[in-house]
Ligand SMILES: [Zn+2]
Ligand SMILES: [Zn+2]
């Protein structure tokens, strides 16, 4: 979990919601990723323009797109098969539907959130 926090703090491109994820298998970190993209700096956020509520309409905006979520960048970075591995998520207290789908597809065994995440990362 400390590693996920470090990834969030050092690699996230999202200033408001720094999120990081690491994937651990057999005690080794096999993948890590953070959220965000540079899209918002140059294009703004389509979801903000349309007042889309939190957790919805990610596909409307290239910057918010689920492919930029920490869970998915971590899975994409895996040098080894993530099948049966655990994912530690820092910076968020739930995973969007797209990320759940990708984690199920990748056969991630368990997802761990930071202690008190529901209060910490509102
Ligand atoms: Zn956006
Ligand atoms: Zn997501």
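The values are calculated or read from the model by the stated rules, or taken from the named source; none is laboratory data. Note that the coordinates shown come from a computational prediction; the quantities given were computed from them, not determined experimentally. Here the Cβ positions follow ideal geometry from the backbone for every residue, glycine too, while neighbour counts run over all protein chains shown.
Determine, yes or no, whether residue 31 is under 19 Å from residue 105 (Cα atoms) and either touching a helix residue (DSSP H, G or I) at 6+ places or on another chain (Cβ under 9 Å) or within 15 Å of ligand 2 (Cβ to nearest atom) (or both). Yes.
Being within 15 Å of the chain's Cα centre (by Cα) and within 10 Å of ligand 1 (Cβ to nearest atom) is the filter here; which residues of region 49-61 pass it? Across region 49-61, the qualifying residue is only 58. Any chance region 36-48 includes a residue that's within 14 Å of ligand 2 (Cβ to nearest atom), modelled with pLDDT under 95 and within 10 Å of the chain's Cα centre (by Cα)? Within region 36-48, one or more residues are within 14 Å of ligand 2 (Cβ to nearest atom), modelled with pLDDT under 95 and within 10 Å of the chain's Cα centre (by Cα). Are any residues in region 32-42 within 14 Å of ligand 1 (Cβ to nearest atom) and surrounded by 12 or more Cβ atoms within 10 Å (Cβ to Cβ), and if so, which ones? Hits for region 32-42 are 35, 36, 37, 39, 40.
Here is a yes/no grid of residues against (1) at negative phi; (2) assigned to a loop (DSSP other than H, G, I, E, B); (3) free of Cβ contacts under 8 Å to residues at least 24 places away in the same chain:
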residue: 9; (1), (2), (3): yes, no, yes
residue: 13; (1), (2), (3): yes, yes, no
residue: 21; (1), (2), (3): yes, no, no
residue: 24; (1), (2), (3): yes, no, no
residue: 36; (1), (2), (3): no, yes, no
residue: 47; (1), (2), (3): yes, no, yes
residue: 56; (1), (2), (3): yes, yes, yes
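Can residue 29 be described as over 15 Å from the mean Cα position of the chain (by Cα), modelled with pLDDT of 95 or more and surrounded by 15 or more Cβ atoms within 10 Å (Cβ to Cβ)? Answer is yes for this residue. Within region 77-97, count every residue that is more than 20 Å from residue 17 (Cα to Cα) and either outside any loop (DSSP other than H, G, I, E, B) or modelled with pLDDT of 95 or more (or both). Within region 77-97, residues that are more than 20 Å from residue 17 (Cα to Cα) and either outside any loop (DSSP other than H, G, I, E, B) or modelled with pLDDT of 95 or more (or both) number 8.
Among the residues of region 93-111, those that are surrounded by 16 or more Cβ atoms within 10 Å (Cβ to Cβ) and touching a strand residue (DSSP E or B) at 6+ places or on another chain (Cβ under 7 Å) comprise 95, 103, 108, 111.
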